[in-house]
Amino acid sequence: MTRSDLVEELAARFGQLTHRDAEFAVKAILDAMNDALVRGHRIEIRGFGSFSINHRPPRIGRNPRSGESVAIPEKRVPHFKPGKALREAVDQRTAQMQAKAGSS
């Protein structure tokens with residue numbers, strides 16, 4: 001699902017929202033989440049999952065072409081951990097899809 005798909009779904013689900021309002025709402029939510037992660041905060045959405053920042057220490061990597069060592073600096077990267085309800089829903093849905101594919 002892309003950002004535009006999300007806007008379309010929101011506009012379709014809530015008839016009182018115009019396409020522009022739905023687009024504004026999605027942008028506002030994503031901007032707020034982005035700002036929170038940039039500030040180092042954790043975001044938890046019950047039933048969906050949590051977003052946090054992971055720290056990756058500096059390390060020595062290898063250039064695959066030349067084989068020479070390359071210093072990779074430390075970095076902070078966003079991390080998503082799905083919630084229990086989301087994990088179970090995905091697991092159940094994929095199991096159903098596999099059962100249908102196996103019976104065909």
* Structure fact -> Share of accessible surface on carbon and sulfur in the chain, whole %, 1.4 Å probe and ligands ignored, is 55
* Asked: Tell me, what is the per residue accessible area of the chain in Å², probe radius 1.4 Å?
  -> 84
* Cα-projected label distance for S4 with K75, points at 7 Å along beta-carbon direction, nm -> 2.8
* Asked: Among (i) 57, 44, 28; (ii) 68, 25, 21; (iii) 41, 32, 20, which is the computed Cα extents along the principal axes in Å?
  -> (i)
* Asked: Ordered by packing density, taken as the mean number of other Cβ atoms within 10 Å over each peptide's residues, highest first, how do 6-13, 52-59 rank?
  -> 6-13, 52-59
* Structure fact -> Length-normalised contact order of the chain, Cα under 8 Å, at least 6 apart, in percent, tallies to 18
* What number comes out for the charge environment of D35, summing +1 per Lys or Arg and -1 per Asp or Glu over other residues with Cβ under 14 Å away? -> +2
* Structure fact -> Asserting the computed 222 nm helical MRE of the chain (DSSP H runs at least 4 long, -39500 (n - 2.57) per run, divided by residue count, to nearest 500) equals -16500 deg cm²/dmol
* Asked: Around G49, which amide H atoms from residues at least 5 apart in sequence, or from another chain, sit under 5 Å from its own amide H, with H modelled in the peptide plane?
  -> G83
* Structure fact -> Membrane-span-like helices (DSSP H runs, Cα span along own axis at least 18 Å, mean Kyte-Doolittle at least -0.5) in the chain -> 19-38
* To do: Have a look at I29, I43, I60 and tell me which one the Gaussian network model of the chain (Cα, springs below 10 Å) gives the largest fluctuation.
  => I60
* Does the range 52-104 come out rounded, prolate or oblate by the C-alpha gyration tensor, with a ≥ b ≥ c the root eigenvalues, rounded set by a/c under 1.5 and, if not, prolate when a/b is larger than b/c and oblate if not? -> oblate
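The values are calculated or read from the model by the stated rules, or taken from the named source; none is laboratory data. Only a predicted model underlies this, so the values are computations on that prediction, with no experimental measurement involved. With ideal geometry, Cβ positions are generated from the backbone for all residues, glycine too; neighbour counts draw on all protein chains shown. Areas reflect the complete protein model, heavy atoms only, side chains present, ligands, DNA and RNA absent. Shrake-Rupley method; radii C 1.70, N 1.55, O 1.52, S 1.80 Å.
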